[in-house]
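Following: one structure in structure tokens, then a few remarks.
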Amino acid sequence: MKTKKIILPDGEMPTRWYNVVADMPTRPLPMLNPATKEPVTKELMSRIFVDELVDQELSEDRWIEIPERVQEIYKIWRCTPLVRATELEKALDLPKGIKIYYKNESTSPAGSHKPNSAVAQAYYAAKQGLKRITTETGGGQWGSALSMASAMFGLDLRVYMVKVSYQQKPYRGLMMNTWGADVFPSPSDTTEAGRAALARDPDDGGSLGTAVSEAVEMVMTHPDARYCLGSVLNHVVLHQTVIGEEALRQFEIAGDYPDVVIGCFGGGSNFGGIAYPFLRENLVNGRKTRLIAAEPTSCPKLTRGKFEYDFGDLAGFTPLIPMFTLGHEFHPADIHAGGLRYHGAGMTASQLLRDGLFEAVDIDQVESLAAGVLFAKTEGIIPAPESTHAIYAAIVEAQRAQEAGEEKTIVFNLSGHGVIDLYAYEQYLAGALKNTVLSDAEIAKTIDTLEKLV
Ligand SMILES: *Cc1c(COP(=O)(O)O)cnc(C)c1O
């Protein structure tokens, strides 16, 4: 391979999303209506979500066509580059047989993988004739992606943004405003859920769980509005599979194939997006690629959580979801990887982890930021704090292979850039970043509340 960048020619972008449910050895358990404990009905879900997204959520079809209008918008930035990280490899002094690639999702206009689903969700909302949507955002990436997509499809958007992120990243909020969205720091005084959180603690810095409650409450009190979610649910992961499908073809062009595929893990959308197409190759075509999800040590639902039915939000407005969870009342530390501060894992990822079809690792904030700085100094891109977890995991895999004297091809998803998240780097460079130590007792406190749910 002569060139460093491998970019598919125009028109080679995938035209279908891949639904992993079709190939899962064990199908995910159904989501339950918390009132009846029966599987949720389409009618109930349609009150909260856009109709076509509910259909996709419940679909077991292997392939779902990407609407032409969505493909047109994807083409603004897709295909995204698959890049051989030669400069990082040199800095790590890796032998020839160990290769690190990254799929660069930071090239989207909003700076992350999130627009892959935001554009699709806004398209279906507009197609249904809706005028208004709401959402929550942690690090601000999803809020900005959906703001951009809402502007493109003429939708009014209200965003509840986790307060610590709102304060740490004022430019994220301004991006959303520029695309025309209204942004509220959460907990806010605009909803019951927000007011309750503020009554408990006026200085509450917020969490994704609280922000989801606020956004869903808005929808429940406004019949003409629907709620859009940026991760966790399978229709979101589905939209992200363009990442892995493109990567499969790019590896084919490069004449290479990964032994290890890595993604950072918040709710599971960028991990599933890059990993599920490779999982299909494992399940259907006998490939043996290892898939690794990298989560923060301070929010370890995959490595220390429990598989249970749980709510997706703090107030308990969502259906009960079968997932690896720390309990919906778990309050993660205010780490900088805001997009990874979520108590539960998506349904497909949870079932696949139960079945041993991928691995999970947890990584401390200081170590992951250090890996991010090394990546910035070598490959030039300042990664999102979330993505630094994947970078760290990739470096560990490369070094293990080196110690074992093995050849290895590793690819990780660079889920976003960190240019709007420089506050994290400021803290890191000042030596002010801290790791979080979570005791078993602390985790048990919120997990033990789950037994009475179902
Ligand atoms: C939102 C976000 C994540 C985490 O969400 P997933 O659904 O797990 O992908 C990771 N990286 C970036 C840059 C994000 O914006």
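The values are calculated or read from the model by the stated rules, or taken from the named source; none is laboratory data. In this text the structure is predicted, and so the values were computed from the model without any measurement. Virtual Cβ from ideal backbone geometry, glycine too; neighbours counted across all protein chains shown.
What tally of residues in the range 188-228 results from selecting those that are more than 22 Å from S150 (Cα to Cα) and assigned to a helix (DSSP H, G or I)?
Residues in the range 188-228 being more than 22 Å from S150 (Cα to Cα) and assigned to a helix (DSSP H, G or I): 11 in total.
Go through (1) modelled with pLDDT of 95 or more; (2) over 17 Å from the mean Cα position of the chain (by Cα) one by one and return the number of the condition L422 breaks.
Result: L422 passes all but (1).
Of the conditions (1) within 16 Å of V219 (Cα to Cα); (2) buried (at least 23 other Cβ atoms within 10 Å of the Cβ), V162 fails just one. Which one is it?
So V162 meets the others, but not (1).
Only one of S165, S231 is under 20 Å from the mean Cα position of the chain (by Cα), part of a loop (DSSP other than H, G, I, E, B) and either away from the ligand (no atom under 15 Å from the Cβ) or closer than 25 Å to E295 by Cβ (or both); which?
S231
Residue-by-condition table, conditions (1) at pLDDT 95 or above; (2) within 16 Å of the ligand (Cβ to nearest atom); (3) on the phi > 0 side of the Ramachandran plot; (4) not assigned by TED's automatic domain parsing to the domain that holds W179:
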{"residue": "T86", "(1), (2), (3), (4)": "yes, no, no, yes"}
{"residue": "I98", "(1), (2), (3), (4)": "yes, no, no, yes"}
{"residue": "E105", "(1), (2), (3), (4)": "yes, yes, no, yes"}
{"residue": "V119", "(1), (2), (3), (4)": "yes, yes, no, no"}
{"residue": "R132", "(1), (2), (3), (4)": "yes, no, no, no"}
{"residue": "G143", "(1), (2), (3), (4)": "yes, yes, no, no"}
{"residue": "M152", "(1), (2), (3), (4)": "yes, no, no, no"}
{"residue": "D156", "(1), (2), (3), (4)": "yes, no, no, no"}
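Surrounded by fewer than 23 Cβ atoms within 10 Å (Cβ to Cβ) and not hydrophobic (A, V, I, L, M, F, W, C) - does that describe any residue in the range 324-333?
There is at least one residue in the range 324-333 that is surrounded by fewer than 23 Cβ atoms within 10 Å (Cβ to Cβ) and not hydrophobic (A, V, I, L, M, F, W, C).
Do we find that Y74 is under 21 Å from E281 (Cβ atoms) and either at pLDDT 95 or above or assigned by TED's automatic domain parsing to the domain that holds F358 (or both) in this structure?
Criteria not met by Y74.
Say we look at the range 6-35 and pick out the residues that are β-branched (V, I, T) and at pLDDT 95 or above; which of these is surrounded by the fewest Cβ atoms within 10 Å (Cβ to Cβ)?
T26
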